[in-house]
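Report on one structure; see the data block that follows.
Values in this text are rule-based calculations from the coordinates and carry no lab data. Please read all numbers here as calculations on a predicted model, not as lab measurements. Here the Cβ is made from the backbone with ideal geometry for all residues, glycine too, and neighbour counts use every protein chain on show.
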Amino acid sequence: MLLKNATVRRKIVITLAYAAVVALLACAPMFLSDFRLNLLGKFLAYGVVALGLDLIWGYTGILSLGHGIFFGIGAYCMAMYLKLEATGAGRLPDFMQWSGVTSLPWFWEPFRFFGVALLLSVLLPMLLALLLGFFTFRNRIRGVYFTILTQALVLIVVTLMIGQQAYTGGTNGITGFRHVLGFSLASPSVKNGLYYISAAALVGSFLLCRRLVRGPFGKVLQAVRDGQNRLRFLGYDPAKYQMFVFTVSAGLAGLAGVLFVLQVGIISPSMMDIVPSIEMVLWVAIGGRGSLIGAAAGALLINASKSGLSETYPDFWTFLLGGLFIVVVVFLPKGLFGLLARLGARMKGGLGDAMAGGRGRAVVGEDHR
Amino acid sequence: MKRKRTKRFGILALGAGLLLLAGCGANNSANNGASPSASGGSSQPASSSAASGSPSASGDGIKVGILHSLSGTMAISEVSVRDAELMAIDEINAAGGVLGKQIVPVVEDGASDWPTFAEKARKLLTDDKVATVFGGWTSASRKAMLPVFEELNGLLWYPVQYEGMEKSPNIFYTGATTNQQIVPAVDWLLENKGKKFYLLGSDYVFPRTANMIIKAQLKAKGGELAGEEYTPLGHTDFSTIISKIQAAKPDVVFNTLNGDSNVAFFKQLKDAGITSDKLTTMSVSVAEEEARGIGADVLAGHLTAWNYFQSIDSPENKKFVDAYKAKYGADRVTDDPIEAGYTAVYLWKAAVEKAGSTDVDKVKEAAKGLEFDAPEGKVKIDGDNQHLYKVARIGEAQPDGQFKELWNSGDAVKPDPYLETYDWAAGLSGGNG
Amino acid sequence: MSVWLVQMFNSLSVSSILLLIALGLAITFGLMNVINMAHGELIMIGAYTAYVMQNLFADYLPASWFGAYFAVAIPAAFCVSFLVGLALEAGLIRFLYGRPLDSLLATWGVGMVLQQLARTIFGAPNVGVKSPEWLNGGLSLGGSVLPYKRLFIIGLVIVTLIAMYLYIYRSAAGRRMRAVMQNRQMAACLGISTRRVDAMTFAIGSGIAGVAGCALSLIGPIGPSLGTYYIVDAFMVVVLGGVGKLLGTVAGALGMGVFNTYFEFWTNASLGKVLVFACIVAFLQWKPQGLVAMRTRSLD
């Protein structure tokens, strides 16, 4: 009786809280300036990457320091469309002209169409992830080795992108966009629209990830994280699960790249490099790995404080941010969300403390070797 | 069960709180984003979505933005330019300001990250409503900021020599374009040092575009290409490249490497027993500041092309160098981009005073043909492409870290970013005016 | 002398530099399983120590003594980085044992702070270190020159390697260290203070990074972001060689150095780097344990 009652109440509270978050997102344009709204939209895009990362790291125990690539490829696909749109038919993008290219390379041709660009910006990262996953996970490369492997991959891709300046824009990347599907990117209503699309994408990705991590499938993912060999002995093939979830996560990063480039108006190899890739992981770590809401909120929180701190203290904001990273990672392994959950529990009294501890451990896991 | 619920609730509550915070934090920071040095800068309402007609001239000061990388890999170069710009602002303020108002600098960190440059530029223009922005170093940062300034009709002063092929109506270029630095340097080398060129650069846009121009010029003027090599940014081992250079036996190495790679290249060149009397190198990104990092003894004898050297003997330059050293320390040096940043502030001031307003369109109109006695000599703003008329110079590094001027173009060279007045350069810019 | 011989020397020299930057990591990462992303910044500390030493010698000692500064700078760099490592271990790393990926993130923050600290103390631009007279010039061999500095670095690596070998495999302290790294509980039961061994091990790894930084100041830039250029290469060397084996690290450095030099010679610097990394990725697919695998029966 009590149990049922509690479940119902819990559901109500959760629904209300979700509704509040969604309402807040919906109302944001009313109390934020255009610039701040644009920033928030960018952070929402980051939130999508964070969800994907949490899926593979928090739940499956795969730490990828290469999500910048997937993010970048998604963004580049959309940027190629936007660039062609801004350049106009029959003309070459400016960076090709001054690099001595005389006709549009064949692999740019499909990006004349918005639909193709959008599709490829999600599919290409997924394909690359599948390929990488196919080899590495089947060879049982995991933990630290996988992480360092992804770093090598980042270096390879970034060096190649920079080296092929005539086709990719080199270090400058691709910028100078005007229209998307005929709408001017500079108009406030389009920017509002893009913000709403980002918010919807974040909510949608959240629902997708939640669907994945709940139920039996989610349990298998956690088993991959906590005891891969035991899972293997039980007859599961961890590699398949890892490949699948890694591919989904790459697709989310690609989607985030699309949202990013539409709102920020530039993509360059510096956004795919090792530093941003590590930063992405830090959003998840600080928000709270193993908690989807935590990951997404971490992305928002870190980026908002990065923007805010660097505006207020341009000379020493890195001290503050670096310090925050250290403190949270060392002393709050479950991130800020874990801390909050614990505080909430403590306020309710010591009831079932041990149980909470056990549960928290099971959700978050303490060792992702 | 109960425990579970509380936990969930806490999480959700925090989620909502964080989102709020993100919004509020952003709002707050707009208010206190004012400058570090200036006092009582009128902080404007953060999110007044309807922009007021005339920017910035309200209140007791005129806000200007300063946007350079203060962290990350580019900070090694950009911090000094920021220092020079702040010094110019202080000088102008001490002399009474502009239009009777004090200039209030708003400093932002581009963090060596191009999207951050775009973000901060937008913030300066929409939240702080600055009258103008001084900033950028790499081409990539300029390209990232350009659409923002064009969209919002802002004004950017860009202080570094660059690869040309650009004239944005919203940017003033106070560094050299190619025909004021690279083209005369190549001509001079062909005349004085030899025909066989080896092109060495970091792998990014400036070296690649510069080398494309040099190759066209060599072809037209009977030069010969011995080799062309690009290294990843941050490359620090040049042993193999030095082997390649030795094997190619060029007369001249034309060096477009950037900051840190230069240090490694020149140190290792010297160790390999190749001194400046055996091989001529001409660098376009090595100035007095970089010479300190390389080591003056290592660099001595190598050549550079710039529009300004600290050693220029003129009253304007002496005043500038003395003021810079007095403010930031006797061991600091001035160089071309530092001088260009300093000059940019004064040019803007002159244009504002001539226009009688900080309105972007009026300032741009007033800036046409404006002249100023800069430390490098008299400079003039070209009304057509918003670059500066500058004297091209070639210098030789001395054992004390300074450069001795070997040659200069005499008259200031008219800027020509698309090299339209050079026959051999036809086709380089893709016919896009 | 043919270009090929020079290239052979170059590949040896590049390998020695890679080995020098990776040796410290071979201890902190290979033995202790701590992913220290601030390793690059420890290298930077070593380089700045050389700079400070040079200034001290120039300011306070007669000019004839100047050449000796570098000989003092190497042990000084070791000591400074050693102390920083000790502090880092006490304040941070000891909370992170058994959480290697967390150590990656936390030390990343440390790296960020150290970089900005260097910028605040020494200024943002690069600083110059004047190399001592006795290291200028080179050995002439049939028309080409083998720089003394590169020879010196090769020598320094060999000396460091021997010292490390003696310490780890031939001293009582090293035996304790290996015991703790292999079986912590058992070592503790036998009366070894694992806390002290941990601190000592991490500090020694850091100190060697300092030595690397000091040596690199001879041939490379000295600036706040110096560490970022070396950190990924260093990790690659350790992973390629096989974690936990000193011999593996040597093999990894040699492999990477030789391939890098020749690929770069045949193609160009960018493509050379890409090819080397691609080879490493491919190789690790085939042999995930690296060149020299640690034999183990443990699972999970």
- Alpha-carbon Rg with Dmax, taken over region A:26-177, Å: 18.0, 52
- Taking 0.36 nm per residue of separation between B:Ala248 and B:Asp313 and subtracting their Cα-Cα distance, the length gained on full extension comes to 19.5 nm
- FRET efficiency, B:Ala95 to C:Asn55 (Cβ-Cβ, R0 41 Å, nearest 0.05): 0.65
- With helices defined as uninterrupted DSSP H runs, which ones in chain A have an alpha carbon span along their own long axis of at least 24 Å and mean Kyte-Doolittle hydropathy of at least -1.0? A:2-31, A:34-54, A:67-87, A:114-138, A:143-163, A:188-213, A:238-264, A:292-312
- Item | FRET efficiency, 1/(1 + (r/R0)^6) with R0 45 Å, evaluated for B:Ala220 and B:Glu150 via beta carbons | 0.85
- Item | Modelled FRET efficiency - R0 25 Å, C:Tyr167 with C:Ser193, Cβ distances, 0.05 increments | 0.90
- Net dipole in debye of region C:217-300 [+1 Lys, Arg Cβ; -1 Asp, Glu Cβ; about Cα centre; nearest 20]: 280 debye
- Note on the structure: Of region A:89-103, those with amide N under 18 Å from the point 7 Å along the Cα→Cβ vector of A:Gln164 are A:93-103
- Modelled label-to-label distance, B:Asp297 and A:Ala6, 7 Å Cα→beta-carbon offset: nm? 7.7 nm
- Item | Cut-off 16 Å, label 7 Å out along Cα→Cβ of C:Ala90, residues of region C:173-202 by amide N | C:195-202
- Approximate spin-label separation C:Gln185-C:Ile121, in nm, with each point projected 7 Å along Cα-to-Cβ: 4.2 nm
- Highest to lowest packing among A:183-195, A:151-163, scored as the average C-beta count within 10 Å: A:151-163, A:183-195
- Item | Loop trypsin sites (Lys or Arg not before Pro), region A:47-117, which have at most 15 other Cβ atoms in a 10 Å radius of their Cβ (DSSP) | A:Arg91
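Which whole-number percent is the relative contact order of region C:46-150 (Cα, under 8 Å, 6+ apart)?
For region C:46-150, the relative contact order is 26 percent.
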- Query: Are there trypsin sites (Lys or Arg not before Pro) in region A:197-233 that DSSP marks as loop and that have at most 10 other Cβ atoms within 10 Å, and which are they?
  - Reply: A:Arg214
- Message: Counting only Cα atoms, I'd like the Rg/Rh figure for the protein assembly as shown, Kirkwood definition for Rh.
- Response: 0.96
- Across all Cα atoms of region C:21-235, Rg and the largest Cα-Cα distance (Dmax), in Å, are 18.2, 62
- Would you mind computing, in nm to one decimal, how far apart the modelled labels at A:Val13 and B:Lys327 are, each placed 7 Å from Cα along Cα→Cβ? 5.9 nm
- Along the principal axes of its C-alpha atoms, what lengths does region C:162-300 span, in descending order and rounded to whole Å? 56, 38, 24
- Place a label point 7 angstrom from the Cα of C:Leu83 along the Cα-to-Cβ direction, then list the residues of region C:48-66 whose backbone nitrogen is under 18 Å away. C:48-57
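With 10 angstrom as the radius, rank B:Glu365, B:Glu290, B:Glu229 by how many other C-beta atoms surround their C-beta, starting from the fewest.
Least to most surrounded, the residues fall as B:Glu365, B:Glu229, B:Glu290.
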- Message: Only four residue types carry charge here, +1 at the Cβ of Lys and Arg and -1 at the Cβ of Asp and Glu. Report the dipole size of chain A about the Cα centre in Debye, rounded to the nearest 20.
- Response: 1560 debye
